[in-house]
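Trainee: I have a structure I would like to understand better, so I am pasting it below and will then ask my questions one at a time.
The values are calculated or read from the model by the stated rules, or taken from the named source; none is laboratory data. The model shown is predicted, which means the values in this text are computed figures rather than measured ones. Note that we place each Cβ from the backbone using ideal geometry, even for glycine, and neighbour counts take in every protein chain shown. Ligands, DNA and RNA are excluded from the accessible area calculation, which covers all protein heavy atoms including side chains. Shrake-Rupley method; radii C 1.70, N 1.55, O 1.52, S 1.80 Å.
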Amino acid sequence: MAHSFVNNNLHCVFSTKERQNLVRPEFEERLWKLIVSVAVERGMRVPAIGGIANHIHILLSVPAVFPLAKAIQSIKGVSSKWINEKFPGRGRFAWQEGYGAFSVSASQIENTIRYIRNQKKHHRKQTFEEEYILFLKKNGMEYDERFVFG
C-alpha cells in the first residue's frame with residue numbers, strides 16, 4: 001500500500017489525584033479548550049470532551065505515529081501546569097498517574113460523544129468508581145480491584 005490509513009478512536013478516562021474534586025466550575029470550560037488545543041497541536045482530534053470535578057472523559061483520535069501514553073502524558077502535563085499557574089491559590093492540582101483507554105468503533109462514535117457530553121447528568125446516579133469498574137468489565141479487562149484506584 002502506498003499510504004497508511006488508521007482509525008484509532010479511543011475513549012480515554014482519568015481522574016484527578018486521589019479522585020479529589022479539583023476541576024472547578026470557574027475553569028472547567030477553559031480547561032477543556034486547553035486540552036483540545038494540546039491534542040490538536042500534536043495531530044490528534046477530539047470529537048468530545050467532558051467530565052465532572054474529579055475526572056475527565058476524552059474521545060481522542062490518535063494518529064498512528066503518536067504513542068497513546070505520550071498523548072495522555074502531554075495532555076495531563078500541560079493541563080496540570082496551566083491550572084497550577086493560572087489558579088495558584090487553589091492548592092496543588094494533579095491528575096492521577098494511570099488512565100483508561102478503550103477503543104471505539106466507528107458505529108459507536110455518536111453514542112460515545114453523547115455519553116461524554118452528559119457526564120454531569122450521568123454522575124447524579126453513579127460514582128466515578130462504579131463507572132470505571134463497569135468500563136473495565138464491559139471491555140473484558142482483567143483487574144484486581146485493590147489496585148485499580150491506587
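Trainee: What lysines could a cross-link reach from residue 137, if we take a straight Cα to Cα line under 30 Å and drop same-chain neighbours fewer than 8 places away?
Mentor: The reachable lysines, counting only those whose Cα sits under 30 Å from residue 137, are 17, 70, 76, 120, 121, 125.
Trainee: Let a ≥ b ≥ c be the square roots of the eigenvalues of the Cα gyration tensor of the chain; is it rounded (a/c under 1.5), or, if not, prolate (a/b larger than b/c) or oblate? Could the numbers behind the result be given before it?
Mentor: Details: a/c = 1.60, a/b = 1.19, b/c = 1.35.
Taking the square roots of the gyration eigenvalues as a ≥ b ≥ c, the chain is oblate.
Trainee: Please report, as a whole percent, how much of the solvent-accessible surface of the range 18-150 comes from carbon and sulfur atoms (probe radius 1.4 Å).
Mentor: Details: 4040 of 7960 Å².
Reported share for carbon and sulfur atoms: 51 percent.
Trainee: Moving on. Who wins for biggest fluctuation among 94, 69, 53 in a Gaussian network model of the chain, springs between alpha carbons below 10 Å?
Mentor: For the chain, modelled as a Gaussian network with Cα springs under 10 Å, the answer is 69.
Trainee: With a cap of 12 neighbouring Cβ atoms within 10 Å, and only residues DSSP puts in a loop, list the trypsin sites (Lys or Arg not before Pro) found in the range 44-150. Don't skip to the answer; put the middle values down first.
Mentor: Numbers: sites: 45, 70, 76, 81, 86, 90, 92, 114, 117, 120, 121, 124, 125, 137, 138, 146; in loops: 92, 124, 125.
Qualifying residues, ordered by number: 92, 124, 125.
Trainee: Continuing with this model, one more query. Test of the criteria: in the range 1-58, which chymotrypsin sites (Phe, Trp or Tyr not before Pro) are in a DSSP loop and have at most 12 other Cβ atoms within 10 angstrom of their Cβ? Can you show the working numbers first?
Mentor: Working: sites: 5, 14, 27, 32; in loops: 5, 27.
Here the sparse-neighbourhood loop sites are 5.
Trainee: In debye to the nearest 20, how big a dipole does the chain give about its Cα centre with +1 on each Lys and Arg Cβ and -1 on each Asp and Glu Cβ? Please list the in-between numbers first.
Mentor: Numbers: 22 positive and 14 negative charges, 87 e Å.
So the dipole magnitude of the chain works out to roughly 420 debye.
Trainee: How large is the accessible surface per residue of the range 93-140, computed with a 1.4 Å probe and reported in Å² as a whole number? Walk me through the intermediate numbers first.
Mentor: On the way: 3100 Å² over 48 residues.
I get 65 Å² per residue for the range 93-140.
Trainee: Let me ask something else. Which is the longest run of the chain containing none of the GluC sites (Glu not before Pro) found in DSSP loop states (not H, G, I, E, B) with at most 13 other C-beta atoms within 10 Å? Intermediate values should be presented prior to the final figure.
Mentor: Values: sites that count: 26, 97, 142.
Counting only loop sites that pass the neighbour cut-off, the longest clear stretch is 27-96.
Trainee: Show that you can apply the helix-only estimate: for the chain, add -39,500 (n - 2.57) for every DSSP H stretch of four or more residues, divide by all residues, and state [θ] at 222 nm to the nearest 500. Write out the running numbers ahead of the final one.
Mentor: Numbers: 6 runs with 61 residues, N = 150.
It comes out at -12000 deg cm²/dmol, rounded to the nearest 500.
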